[in-house]
Amino acid sequence: MEDLRRAVRDLCGQFDDGYWQRLDEVREYPEEFVDALTRGGYLACLIPEEYGGPGLGIHEACVILEEINRSGANSAACHAQMYTMGTILRHGSDEQKARYLPAVANGDLRLQALAVTEPDAGSDTTSIQTSAEKQGDRYVVRGQKVFISRVQHSDLMVLLARTTPRDQVAKRTDGLSVFLVDLRETGDAMRVRPTRTMINHESNEVFFDGMEIPADSLVGEEGRGFHYILSGMNAERILLASESVGDGLYFIDRAAEYAKSRRVFGRPIGQNQGVQFPIADAYMEIRAAAAVRDAAAEAFESGQTRGAEPNMAKYLASRAAWKAANVAMDTFGGWGMATEYGLERKFRESRLYLVAPVANNLVLSHVAQHVLDLPRSF
Ligand SMILES: Cc1cc2nc3c(=O)[nH]c(=O)nc-3n(C[C@H](O)[C@H](O)[C@H](O)COP(=O)(O)OP(=O)(O)OC[C@H]3O[C@@H](n4cnc5c(N)ncnc54)[C@H](O)[C@@H]3O)c2cc1C
C-alpha cells in the first residue's frame, strides 16, 4: 500500500498549485491530470482482471483518492470513472460487460457521468420524473436532470428514469430503471447546459426531449433501478469519504507547516496554544473519520456492508475536512484568502462533500432510523 501511496504522490507532484489555480480561474477540465491518472491505470483500479483492469480492492481505491486530494489536486474531475462502472459490473448483462468494461479499463471510453438528481428530486430520489417509455426496440426518454457532473467529458452515462409511473407501483422505490446511455449517439434530443458553481466542477443541466435509446441500454431488470443505484452508492460514499480525508490532511499539512514558519510577535504562531490546539484537534478528527472509513471499506470488501457504514464515513470525513479547512484558514490569517496560496480553492472544493452525493442531514436520518430504530422523520 505504501508503494501505491508513493506512486500517486509522485504523479500528483507533477501538477502543482499553479496548475490547479490556472484551471480554477478559467473553469477548465484538468485534461492532462486525468490523462496521466488514466495512463497510470489508477482510475481502472476496481475493474476485475478479466475485463482488463488490475482488479484491486476498495482499500487501494481509497488510498488513490486520498493521496490525490492530499496533494492539493481535485479527484472530483474523474473519481466517477472509478466507480460508476460498478453498476454495469454488478447488474449489467455479459454482453454489456464485455462490450464496455475493457474500454473503460484502458481509458478508451469515459464512463463518469451519473444522472439521478432533478430540479424537484435531490434528496428524495424516488420522486424523479424523468421517464423512459418502451416503444418497440427503443426507450424514449423525456425529462430533466440537474447537477450532472462530467457529461461533457464522458462517452457513457448511467441514467435513472421512471419506467412505471409512481402511482402505479406498490412501493415508491419500484418502477425506476437504470440505462447505460451512449452519449456519442444522443444527437439533438439531449441538450446540456452547464451550471457554474463556486468550484471548478463540470456540472450540467441535462434535458431529454424524446431521446431514443436502444432497448438493450437497459441495465439489469426493468423496475429495479433504485436498488442498483443504491448498491453503487456504498462504494461512492466510502471513496468520497477518502477524498475528504485527503482534503483534511492537506489542510493540516499546510496549517502545521505555516504555523511553524510564520513569525508574529517574535515567535512562530504555532507556538501559541490558540493556534496549535485547533490544528491538533482537527487532525484527530480526521484520523477518527479515516478509521471509520477503513471499517466501512473492510465491511464493503467482505460483502457485509449495509448503508450505515459508508454513510457514517462520508458524514464524519466531510465534517472533519470542513473543520480542518476552517482551521487552516484561521492559521493563515488574511493570506488564506489570497488565491496564490491555493488554500481558498481547496476550502471551496472541500465544502461540496457536506451536501453531495448525499446531504449530511439525510445521513443523520438514515442512522437515526436504520441504526437506532427511531421513527422515520419524513
Ligand atoms: C457540484 C455538484 C455536483 C453534483 N453532481 C451530481 C451528479 O453527478 N449526479 C447527480 O445525480 N447529482 C449530482 N449532484 C446533486 C447532489 O447529489 C444533490 O445536490 C444532493 O443530493 C442534495 O439534493 P438537493 O441539492 O436537491 O437538496 P434538497 O434535497 O433540496 O435539500 C436541501 C436541504 O434540505 C435538507 N433536507 C431535505 N430534506 C430533509 C429532511 N427530510 N430532513 C432534514 N433535512 C432535509 C438537505 O439536507 C439539504 O441541506 C451534484 C451536486 C453538486 C452541488
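What follows is calculated from the coordinates using simple rules that are stated; it is not laboratory data. Only a predicted model underlies this, so the values are computations on that prediction, with no experimental measurement involved. All Cβ positions, glycine included, derive from the backbone under ideal geometry; neighbour counts span all protein chains shown.
Given 74, 20, 93, which one lies farthest toward the positive end of the charge dipole of region 2-105, if we put +1 on the Cβ of every Lys and Arg and -1 on the Cβ of every Asp and Glu?
93
For the ranges 150-157, 34-41, what's the packing order if you count other beta-carbon atoms within 10 Å of each residue, average per peptide, and put the highest first?
Order by mean packing, descending: 150-157, 34-41.
Give me the angle, in degrees from 0 to 90, between the Cα long axis of helix 94-105 and the longest principal axis of the Cα atoms of the chain, rounded to the nearest 10.
Computed tilt is about 30 degrees.
What is the helix-to-structure angle for 2-13, meaning the angle in degrees between its Cα long axis and the longest Cα principal axis of the chain, kept from 0 to 90 and rounded to the nearest 10?
For 2-13 against the chain, the angle is about 80 degrees.
As a test of the formula, what do you get for the chain when each DSSP H run with n ≥ 4 contributes -39,500 (n - 2.57) and the sum is divided by the residue count, at 222 nm and rounded to the nearest 500 deg cm²/dmol?
Calculated mean residue ellipticity at 222 nm is -15000 deg cm²/dmol.
When a footprinting reagent is the concern and you count Cβ atoms within 10 Å, what order do 190, 1, 85, 337 take, fewest first?
With the fewest neighbours first, 190, 1, 85, 337 line up as 1, 337, 190, 85.
Going by how many other beta carbons lie within 10 Å of each one, how would you line up 78, 12, fewest first?
12, 78
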